[in-house]
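> Sharing a structure below in structure tokens format, with a few things to ask.
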Amino acid sequence: MLGGKIMRVNITLECTECKERNYISKKNKRNNPDRVEFKKYCPRERVVTLHRETK
């Protein structure tokens, strides 16, 4: 039995400024059906920037 693990998927977070894919995370498709955005640290730019979910 898989239980509740079916709705949780892996996502990649991409920096909106330099377009580098820095982070991998998981999200629940039922709670967050649209694309998520987080403010995360970008090592290439050395600042905190907005990171968006990519396909």
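> Touching a Phe, Trp or Tyr at 6+ places or on another chain (Cβ under 7 Å) and aliphatic (A, V, I, L, M), is that true of LEU50? Reasoning before the result, please.
Values: touching a Phe, Trp or Tyr at 6+ places or on another chain (Cβ under 7 Å): no; aliphatic (A, V, I, L, M): yes.
Answer is no for this residue.
> Tell me, yes or no, whether segment 6-22 has at least one residue that is over 14 Å from the mean Cα position of the chain (by Cα), of a type outside the set (Asp, Glu) and modelled with pLDDT under 90. Steps first, please.
Restricting attention to segment 6-22, the residues satisfying the condition of being over 14 Å from the mean Cα position of the chain (by Cα) are 6-7, 17-18.
Among the residues that remain, those that are also of a type outside the set (Asp, Glu) are: 6-7, 18.
With the extra rule that they be modelled with pLDDT under 90, the set shrinks to 6-7.
Looking through segment 6-22, at least one residue is over 14 Å from the mean Cα position of the chain (by Cα), of a type outside the set (Asp, Glu) and modelled with pLDDT under 90.
> Looking at (1) at pLDDT 95 or above; (2) surrounded by 13 or more Cβ atoms within 10 Å (Cβ to Cβ), find the lone condition where VAL47 falls short.
All conditions are met except number (2).
Matching residues to (1) touching a strand residue (DSSP E or B) at 6+ places or on another chain (Cβ under 8 Å); (2) in a strand (DSSP E or B):
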residue: VAL9; (1), (2): yes, yes
residue: GLU14; (1), (2): yes, yes
residue: CYS18; (1), (2): yes, no
residue: SER25; (1), (2): yes, yes
residue: ASN31; (1), (2): no, no
residue: PHE38; (1), (2): yes, yes
residue: GLU45; (1), (2): yes, no
residue: THR49; (1), (2): yes, yes
residue: GLU53; (1), (2): yes, yes
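The values are calculated or read from the model by the stated rules, or taken from the named source; none is laboratory data. Worth saying up front: this structure is predicted, and the values here are computed from it rather than measured. Please note: Cβ atoms are built from the backbone with ideal geometry, for glycine as well, and neighbour counts cover all protein chains shown.
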